[in-house]
Amino acid sequence: MSASREIGMGDPGYPVGLFDLEEPPSLFVRGELADRPIVAVVGTRNCTRYGIELAESCGRTLAELDWHVVSGLARGIDAAAHRGTVARGGRGVAVLGSGLDHIYPRENKGLLEELLQCGGAVVSEYPDGTPPDRWRFPARNRIIAAMASAVVVVESALTGGSQITAVLAAEMGRPVFAFPGDVDRPASVGTNRLIRDGAIPILGSEDLVEELALLPGFEARPRALADSPLPVAGTLLDELPALWNCSISQALSRLGEAEARGEVRREGDRIFPETRPN
C-alpha cells in the first residue's frame, strides 16, 4: 500500500470546494487529486438492481467524458458508481470515514486499489489508526458535498448519508440531481422527496450529461474521444459506439465535429474518411 500524505488549505492540490466549509479540514491523501470537474454519485446501501445499474451507468458515462466521480466507497450505490468509473478507466475519489489504513467495508479494498490504479485517489480527514466509527460517516459526507461541482442521488431512503450530502450540497450552491422511482419503493422515497423539494430530476446518464454540460467548468465534448480513430470507409453509423467506446449520442457529437473539420463525410448511413491532397 502506498504511503499517504497530508495536505492543508495552503498546499497544492487542496480541493478548492472545501473552502466552502466553515472549517476546511486537512486531508490525508493517497493517489492524485486532479483539477477536473467532479461529480458526486451517492445513494443508499440498501439499493435495488435498478439503482445499481443506474449508478454504474453514471460512473461509466462520467468517466468517458473525463469528469471525475467522488463517492464514499460504501456498499450499494457508492460502490456501483466507483465500479462504473474504473470500468472505463476513469478517475474517481473515495472519501472515507476512517483512517486510510482502515478500509471500510473491507470487501471494497480491491475496488479502491482499482481507483488508485486508474489515477484516482482516496482521502480522509482522519489520520491512520482511526477506526470506522459510525458517527464519523455523517461528517464524511460534508467533504463529498464540498468537493463536488454537482451531486447525483441515485436511490435514497428518507434519512441517511446521501440525504445529508444532498442537503449540504444545496446549501453550498451545488446543483442536486435525483433519479425518480416508484412512489412505494423504499429506496426511492428519498430521491422522490428531493425532487419534490427542488432537486433536478434526471432520467438516465445521458440526461445527466446534458444537464451537467450547461454548468460552468464542464466541457460538453468527450475528451476521451478527441484522439479516437477515424472510421474506415463504409463504417455504419450504428457501429460508431463500439469503435469509440461511447454512447450513440456521444458518437454522433464526435462525428459532427469530424465532419465540420472535413475529416469525414456521410453517405446515407455509412461514413467515409475524406481524402486530403498531400
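The values are calculated or read from the model by the stated rules, or taken from the named source; none is laboratory data. Predicted model only: the values in this text are computed from it and were never measured. Using ideal geometry, Cβ is built from the backbone for each residue, glycine included, and neighbour counts are taken over all protein chains shown. Just so you know, the surface numbers come from the protein's heavy atoms only, side chains and all, with ligands and any DNA or RNA stripped out. Shrake-Rupley method; radii C 1.70, N 1.55, O 1.52, S 1.80 Å.
Worth a mention:
- Top positive-direction residue, dipole computed over the chain with Cβ charges, set N46, L21, G173: N46
- Largest-first ordering by accessible area, 1.4 Å probe, given options D78, D238, D66: D238, D66, D78
- Close amide-amide hydrogen proximity is noted between T235 and I271, each under 5 Å apart and 5 or more residues distant or on a separate chain (H modeled in the peptide plane; Pro and chain starts excluded).
- Restricting the stretch 129-196 to trypsin sites (Lys or Arg not before Pro) that sit in a DSSP loop and have at most 14 other Cβ atoms within 10 Å of their own Cβ leaves R134.
- Full extension of the chain segment joining R265 with L236 gains 9.2 nm, where the gain is 0.36 nm per residue of separation less the Cα-Cα distance.
- Of the options [x] 65, 46, 33; [y] 57, 45, 38; [z] 59, 52, 30, only one is Cα extents along the principal axes in Å as computed from these coordinates, and that is [x].
- Share, in percent, of DSSP beta bridges within the chain that are antiparallel, nearest 5: 40
- Over the chain: helical MRE at 222 nm, DSSP H runs n ≥ 4 each giving -39500 (n - 2.57), nearest 500: -10000 deg cm²/dmol
- Under 5 Å between amide hydrogens, built in the peptide plane, is the criterion, and for I200 it picks out V176, F177, A178 among residues at least 5 positions away or on other chains.
- Shape of the stretch 113-218, Cα gyration tensor, a/c cut at 1.5: oblate
- Tensor-based shape of the stretch 58-166 (alpha-carbon gyration tensor, a/c under 1.5 rounded, otherwise prolate or oblate): oblate
- The listed residues M9, M147 rank as M9, M147 when sorted by accessible area, largest first, using a 1.4 Å probe.
- Percent accessible area from carbon and sulfur atoms, the stretch 1-149, protein chains only, probe 1.4 Å: 45
- On Cα atoms only, tilt of 49-64 relative to the major axis of the chain in degrees: 60
- Sparsely packed trypsin sites (Lys or Arg not before Pro) within the stretch 1-78, loop by DSSP, other Cβ within 10 Å at most 16: R75
- Cα gyration tensor, the stretch 1-133 - rounded (a/c under 1.5), prolate or oblate: prolate
- Remark: accessible surface ordering of F272, F177 (largest first) is F272, F177, probe radius 1.4 Å.
- For the stretch 27-39, Karplus couplings with θ = phi - 60° (6.51, -1.76, 1.60), whole Hz, Gly/Pro x: 10, 9, 10, 10, x, 10, 9, 8, 8, 9, x, 10, 10
- Normalised by the number of residues in the chain, the mean separation of alpha-carbon contacts (under 8 Å, six or more apart) gives a relative contact order of 16 percent.
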